[in-house]
Structure formats: structure tokens, C-alpha cells
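Each value in this text was obtained by applying a stated rule to the coordinates, not by laboratory testing. Since the model is a prediction, treat every value here as computed from it, not as a measurement. Ideal geometry is used to build each Cβ from the backbone, glycine not excepted, and the neighbour counts take in all protein chains shown.
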């Protein structure tokens, strides 16, 4: 099973060792192209907005993670998730690239990931692992010329119900909910501003299995031209509420909801933070590393581009990186125990 896009990137199901899925990247809300979902003998054509240029920008203030209740990353000892994530949690990220071998070399150098190959039957979708636990995934592009970008998936207890809420509250469902046998049910959508995200209803596969550990996803945020509209949308669909973050831009808030682990924030929503003109709305993924300077040096040596050199924040030392294929992400150094 796959979703092939004429001019967009691929994204795969959380932990998807049973299927290969390709889906839209962060995109502009104009100029549609054609995409097709392939599952067995079934094909479903849909329109997806044409992607914009590679995107990334970090606020010079650097106060992007957490609040007074932000994750205390140093206190967890190899935290592992074996149950479905609470609905609304960013539960998975994945990436599709034109050169899978090169991507594995790059991300292996930066994060120390090992890779579990799902095999040719499933498009050689690679589960990125930390100590044998799923942290993310990388798969091959499904169409020539597709740009690359990390896709964030938000957990749901009912993908069909979430898809209806998305449409009812001004979003666009790009790929209607469909099953990935043995794994779960998913859809791909855009918020009203044009930021693309996935929805994942867990069955056999829950999403990330390791968190708050080097190599794992530790934060995501939505970068939107009208964050208030975005906040209204995500509150209606996922039940989010928001809190300001001291030192962050005034339009940046953390995301909270009642089911979150230990009441911690699960991400953020803010403006475009001075991004260059033409940068489309998007979700951005942050990964923990033992040392942001070392990770930055490793990325540079492996052919990546450093978009923001390492800088200190109250939540760790951060840097902005683009991989050799154009996908952007943030690394966050661990905070030493005191």
C-alpha cells in the first residue's frame, strides 16, 4: 500500500513494518497536484496542494521548548512506550528520501540510529531505532522529484471521527482514513493554514517506542502565518489548550491536553518566526541528542547544512539542520543533571 504523489514527498505509517505510505509534505495551500493511494488492487485519486520550498527557521530567542512544566529530560531512565499514545499526542514522525542509503548514513551519523528494514515487499521502509526501539522511520520517495520533509503524526482513538472534525473545522482531509492491516488506521490532513500532518489510530503499532532519550523525538511545533486560527482548529479537533512560554515570541504557546503524560506540554504552536518569504506553514520535529555541538558537527561532516548554529536555551542547547535531501529538523542537547 502506498500513496504516490506527482510532486510531493512520502510519509509512512507509524512503525509501519507492514505497509509503505507516501503522503504530502508541508505545502502551500494552492496549486493542486494529483496523488493516488495504492492499496492492493484499489486506487484512490486525490488532489494535494503543490509543495513549497524547503522550510526552516528558528527564533533567535531560542525559548521554544516547554514551560515551567516542560519535560525534565534528565530524570527518565530509558523511557519506553508499549501502549497507544493518548489522543492528541504527536506519536510518530517519518521521512521519505530519494536515496535511502545516503539518508541512513546521514541520520546514523547524527543520531546513532540503527535501522530495521521492512523488506522489498514494503518498499524497504526503515524503522529508525534506539536500542532496538522505534524512534522514527525513513522510506524511499514514491515519485521522482519529490521534496523531502519530516511528517508529524497526531494520535487519535478514532481516525474517522478525527477526519470528520478536521473537515468540519476548516481543515482538509487529503487522504481519507484507511486501514493498514495489523498496524492501525490513518489519514493525512492539512489544517486551515496549510500545514500538513498525519493522524494515527493505533492497533498493532503504537508509534514511537522510546522518548526523552537521545535519538528520540522530544518536541514538535506548528509554524503558522495565523497561529490564532491554528490554535482554534487544533483545539476543536484534538481538545488542545494553550499556555504562553516565558521568553518565547508572543504568538508562541505550548500545547496541553487532559490526557498528556504527567500533564506535560506535548508541543507548540506559533507564527512563522521570521521565516523567509515563501516558506509554507509546517510542523517541525525536534530530536534529542547527547551534545548539540557534536551532532551539528556530525551533520555538517555527513553533508548536511546548518541553518542555525548551536545556541543555548533554558531547555537545552539547540541547532537547526537540513539533511542532504532538504528535510529540516532541530536537535536539542540533553540538560546535564545537577
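Brief remarks on what is shown
- Cα gyration tensor, region 89-193 - rounded (a/c under 1.5), prolate or oblate: prolate
- Computed over region 140-214, the alpha-carbon pair-distance distribution with 5 angstrom bins reads 3, 15, 21, 22, 18, 14, 6, 0, each value a whole percent.
- Reciprocal of mean inverse Cα separation for region 179-327 (Kirkwood radius, Å): 17.1 Å
- Cα-based shape type of region 249-334, given that a ≥ b ≥ c are square roots of the gyration tensor eigenvalues and the cut on a/c is 1.5: oblate
- FRET efficiency, 1/(1 + (r/R0)^6) with R0 45 Å, evaluated for residue 80 and residue 236 via beta carbons: 0.90
- Whether region 237-287 is rounded, prolate or oblate, judged on the alpha carbon gyration tensor where a/c under 1.5 counts as rounded: prolate
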